[in-house]
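Below: the structure, in structure tokens.
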Amino acid sequence: MLERYEKVKEYVYGQYAKIYNEDLKIAALTHTASVDLSITFIAMARGTNLERAKVAALFHDYAQFIDNCPHSQHAKLSSLHAYKYLKECGLFKTTEIDDITYAIRQH
Ligand SMILES: [Fe+2]
């Protein structure tokens, strides 16, 4: 049931593994993993879609880590990265992509 999440995870963590700055790389890996775990509990407690929540967690600070962008821009830019990847990978319906990128943009 989380096969698509696993694919996205492989991609996102693969990108984070390439971050040259060691502190930024560790922050990317540990922060993303802890938010993924937290959102798993939240989604299960609320009975909301687990897969979409976990995919949003993977990408939620993506631009912060990959572009080292200003914090004020990171939610919007991360949602754009997520949109591009989720569209191109062809695994998600438009409504799912809208849901995931909306969550990232609003966080
Ligand atoms: Fe964030």
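Just so it is clear, none of the values below were taken in a lab; they were calculated from the coordinates. What you see is a predicted model, and the numbers here were worked out from it, not measured in a lab. Glycine gets a Cβ as well: all are built from the backbone with ideal geometry, and neighbour counts include every protein chain shown.
The table below gives the values:
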quantity	calculated
Residues within segment 56-70 that are within 16 Å of Asp36 (Cα to Cα) and among the small types (Gly, Ala, Ser), tallied	2
Complete set of residues in segment 62-101 that are away from the ligand (no atom under 11 Å from the Cβ), aromatic (Phe, Trp, Tyr) and within 12 Å of the chain's Cα centre (by Cα)	Tyr83, Tyr85
Selection count, segment 34-51, where residues are of a type in the set (Gly, Ala, Ser) and surrounded by 15 or more Cβ atoms within 10 Å (Cβ to Cβ)	1
Positions within segment 79-106 being within 12 Å of Val55 (Cα to Cα) and small (Gly, Ala, Ser), in sequence order	Ser79, Ala82, Ala103
Scan of segment 14-33 for residues that are surrounded by 21 or more Cβ atoms within 10 Å (Cβ to Cβ) and either at positive phi or among the small types (Gly, Ala, Ser) (or both), ordered by number	Ala28
